[in-house]
Every structure is written in C-alpha cells, then in structure tokens.
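*Asks:* Can you read through this structure? Questions will come right after.
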Amino acid sequence: MIRVEGLTKVFPNPDGTEKTAVDHISFEVQPAEIYGLLGPNGAGKTTTLRMISGLLRPTDGQVIIKGEEVTRRPELVKRHIGYLTANTGLYARLTPFEMLEYFATLYNIPRDVARRRIAELVGWLGMDSYIRLRCGALSTGQKQRVNIARALIADPPILVLDEPTLGLDVLSNRLILEFIRTQAAAGKAVLLSTHALDEIDQMCRRMGLIHNGRLIAEGELDTLRAQTGRQRLSEVFLHLVGATDPVFTQ
C-alpha cells in the first residue's frame, strides 16, 4: 500500500553547500501492518514521513500510495493518508467537536456521516468528558487524542505517525498504542516512527533503521538479531549505528 523507491531529499545550506537529509531509501508497508521506522535525532525520519505524506517534494525517487505516485496527484493521495505528529497544532478556541466537524467539511464528508464518524471516534478514544471544551484548555494527552481523531475523520486506509506518544503519560500512551493496533487489525497500513524502542518491539513485526539519511538495516526483529548477534532491540539499534563503545572510561 506504501512503496518508497530511492527516496532522496537534499536541502541547500546557507553557505551554498548542500545537505542530504534522506539518501536513496526504499521500503514497503503492507495493509494490516505496523511498520516501525527507527533512527536517532537528525537521521531523516521526519523528512521521510513528510515526503511520503505529500507535504515535502522529494529531490529524487518516488512514493507510491495505493498505486498513485504522490507528486503526480498529491491532493488525491493525501485523502488516503492520516498524518499525525506529536507537535500537530489544534485551534485553541475551537472545541474538539468543532475541530472534527471542520476537518470533515474539508474532506467533503456529508454532515450526517460526519456526525456518526465523530461519535465513533469520541467513543473509541474516550473523549466524551471534554468533547465540548475548548482545545486550549486540554491536557497534552487529551490534545493528542483529538489529533488522532482528526487524522482518522475520513477513515483513511493509511496512517503515518511521527512520534504519536511523545510526552504522554502512561495511561494516554497505552490507549493510543492500543488504538493503533485496532486500526492495523482493521486493515490499515501504519507507518510508525518513534524513539521508544519498546513500542517498536511490542507493535512492529518489521522495521527499518535510518542513520545519516540512509536505510542501514531493514527486516523482522529476529532477522536483525541474527544479523547483529544481539537480543535486545536497544542493543541491536546501537550495534547497527556503530555506537557500541563505552561512553565513560576510567
């Protein structure tokens, strides 16, 4: 459902040089799969997700979403994708209900269908107690639930999630991860980027590791364990990025 082929993004530097943020990476995400994208800060994960979602034009390579190349028909492709980041903003003076109604109109969802969809999302995400409060008064976890509902209002077949649980408390974290599982079980293709290695370990059968803009490893965790001779995902990660030397020495 998502096919990434030779995806590359080069940014100009102020001094006239260039920075290659993403360097010819390729991978696929299938329906009913949660694919984990790992990498340290600055590795190129967010740039990759923005290109996949049609928010950033690649320098080279292509992204195929449900058979359509993203840059050729971006508006059509965007309708297939629910994109969520930890920093997605809300309109502070609107209520969650008003937010969801507004985004439903952007997707041309009929009013009665939108109302049913909003009711479903409110129930699934446990938003009943604050659905009529202004978004500016909500907690971090409540705001992220609203953002998830916004990303899902059109019931897209693909979810692109960039650090969706960053900064959340344990209960909100658990609810959101369980909700992501239900979406994959319903047949959605989920691309999940996170620094929380335990989340990848729990939720993803396959994963890719980006380092310095390159996809340096990809596959099932058992394959990566065999490749590195390490068992814990954190040790696999450190081995693959070459960070195995002691940090402190006497």
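*Asks:* What number of residues in segment 52-61 are at pLDDT below 95 and polar (S, T, N, Q)?
*Replies:* Going through segment 52-61 one residue at a time, the tally reaches 1.
*Asks:* I'd like to know if segment 128-139 contains one or more residues that are within 16 Å of Glu101 (Cβ to Cβ) and among the aromatic types (Phe, Trp, Tyr).
*Replies:* There is at least one residue in segment 128-139 that is within 16 Å of Glu101 (Cβ to Cβ) and among the aromatic types (Phe, Trp, Tyr).
*Asks:* Could you count how many residues in segment 194-233 are in contact (Cβ under 8 Å) with a residue 60 or more places away in the chain and under 18 Å from Thr8 (Cα atoms)?
*Replies:* The qualifying residues number 9.
*Asks:* Go through segment 47-97 and report how many residues are under 22 Å from Asn147 (Cβ atoms) and out of contact with any Gly (no Cβ under 7 Å at 6 or more places or on another chain).
*Replies:* Going through segment 47-97 one residue at a time, the tally reaches 28.
*Asks:* Scan the strands (runs of 3 or more DSSP E) fully inside segment 15-120 and keep the ones with 1 or more residues being open to solvent by 70 Å² or more (accessible area, probe 1.4 Å) and not β-branched (Val, Ile, Thr).
*Replies:* On the way: elements: 18-29, 34-38, 60-65, 81-85.
Hits in segment 15-120: 18-29, 60-65.
*Asks:* Out of the residues in segment 121-130 that are in a helix (DSSP H, G or I) and either at positive phi or of a type in the set (Phe, Trp, Tyr) (or both), state the one that is modelled with the lowest pLDDT. Explain how you work it out, then say what you get.
*Replies:* Looking only at segment 121-130, we keep the residues that are in a helix (DSSP H, G or I), and these are 121-125, 128-130.
In the following step, the residues that additionally are either at positive phi or of a type in the set (Phe, Trp, Tyr) (or both) were identified as 124, 130.
On the way: Trp124: 88, Tyr130: 96.
Among those residues, the one meeting the criterion is Trp124.
*Asks:* Further question on the same structure: Would you mention how many residues in segment 121-130 are open to solvent by less than 30 Å² (accessible area, probe 1.4 Å) and within 24 Å of the chain's Cα centre (by Cα)?
*Replies:* Kept after step one, since they are open to solvent by less than 30 Å² (accessible area, probe 1.4 Å), are these residues of segment 121-130: 121-122, 125, 127, 130.
From the residues that got through so far, the ones that are within 24 Å of the chain's Cα centre (by Cα) too are 121-122, 125, 127.
Matching residues across segment 121-130 total 4.
*Asks:* Now for a separate question. Looking at segment 55-65, can you tell me whether even one residue there is among the charged types (D, E, K, R) and more than 21 Å from the chain's Cα centre (by Cα)? Can you show your working first?
*Replies:* Quick first cut of segment 55-65, residues among the charged types (D, E, K, R) only: 57, 60.
Subset that is more than 21 Å from the chain's Cα centre (by Cα): 60.
Among the residues of segment 55-65, at least one is among the charged types (D, E, K, R) and more than 21 Å from the chain's Cα centre (by Cα), which makes the answer yes.
*Asks:* Additional query: Considering each residue of segment 1-14, count those that are under 16 Å from the mean Cα position of the chain (by Cα) and open to solvent by less than 70 Å² (accessible area, probe 1.4 Å), and give that number. Steps first, please.
*Replies:* Initially, segment 1-14 is screened for residues under 16 Å from the mean Cα position of the chain (by Cα), giving 1-4.
Adding the requirement that they be open to solvent by less than 70 Å² (accessible area, probe 1.4 Å) leaves 1-2, 4.
Matching residues across segment 1-14 total 3.
The values are calculated or read from the model by the stated rules, or taken from the named source; none is laboratory data. All figures in this text were calculated on a predicted structure; none of them were measured in a lab. Ideal geometry is used to build each Cβ from the backbone, glycine not excepted, and the neighbour counts take in all protein chains shown. We work out accessible area using only protein heavy atoms, side chains counted, and drop any ligands, DNA or RNA first. Shrake-Rupley method; radii C 1.70, N 1.55, O 1.52, S 1.80 Å.
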